[in-house]
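Engineer: Structure incoming, see below.
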Amino acid sequence: MTPSSHHSFFRRGLHASSLPRASTLFSIVKQEIGKATLTETGKKVASVRRLKRTSGKIYDYKGNLPKDGKDPESQPILGGILAVTCHWKRDPFGRYFRKALTALPAVPIEDDHRLDLGVALSAGAFEVGSSPEDLLIYDQSTALVGFFMALIRKLQPLGTALAMDLNIWSERLRDEQ
């Protein structure tokens, strides 16, 4: 379940911050990528990264419980932005974009605003390497496929997504009644 689906799935007034997380990816959809939207997206990504994460048990095809689920702390939450346009028309992912991206706080870890990838369909896409200065940029003609490849490349080493701990989710539902 993605973070944004919590609000549509739970209609009983549960507060999103009280819900457990099993997410691997959190993305924000905006009309335009600019300094303000990068900052806002970074803040929202950091708020998701601060939430308590859980992982349920993993069962095999016979219903046996071979092992517990993954440790949520060992699996990072990727942060991204999806947009139609980019504020910087002349040089969409140039100096001003890079300055705004590298200004996002990455430490301490509980306040990590860093973005891992993004796309502005009319301008291009970006993928952050080992540091915000290490950027792979795709131009407008390859924006969508570049973003898709970047997303798969980031998700692939993470392996299987964390399993939802349905017992914790059920407890939260009962507690709210």
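Throughout, read-outs are computed from the coordinates displayed, never taken from laboratory work. Keep in mind it's a predicted model, so treat the numbers as computed, not measured. No Cβ is skipped: glycine too gets one built from the backbone with ideal geometry, and neighbour counts run over all protein chains shown.
Engineer: Semi-axes of the equivalent ellipsoid of segment 29-98: what are they in whole Å, largest first, if each equals the square root of 5 times a C-alpha gyration tensor eigenvalue?
Structural biologist: Calculated on Cα positions only, the semi-axes equal 39, 13, 10 Å.
Engineer: How big is D, in µm² s⁻¹, for segment 5-175 by Stokes-Einstein at 37 °C and 0.692 mPa s if Rh is the Kirkwood radius over C-alpha pairs?
Structural biologist: Values: Rh = 17.4 Å.
My calculation gives 188 µm²/s for D.
Engineer: For Leu101, what is the net charge nearby, where nearby means another residue's Cβ is under 12 Å from its Cβ and Lys, Arg count +1, Asp, Glu -1?
Structural biologist: +1
Engineer: To check you understand DSSP bridge types, tell me what percent of the beta bridges within segment 5-175 (both residues inside) are antiparallel, rounded to 5. Present the calculation step by step, with values, prior to reporting the outcome.
Structural biologist: On the way: 10 of 23 bridges.
Percent antiparallel among DSSP bridges in segment 5-175 is about 45.
Engineer: Could you pull out every one of the lysines with an alpha carbon less than 28 Å from that of Lys89, ignoring same-chain neighbours closer than 8 positions?
Structural biologist: Partners found: Lys30, Lys35, Lys43, Lys44, Lys99, Lys154.
Engineer: How about segment 50-117: which chymotrypsin sites (Phe, Trp or Tyr not before Pro) there are in a DSSP loop, with at most 13 other Cβ atoms within 10 Å of their Cβ?
Structural biologist: Tyr59, Tyr61
Engineer: Which aspartates and glutamates does Lys57 reach when only Cα atoms under 17 Å apart count, and residues fewer than 8 places away in its own chain are ignored?
Structural biologist: Those aspartates and glutamates meeting the cut-off are Asp68, Asp71, Glu73, Asp165, Glu171.
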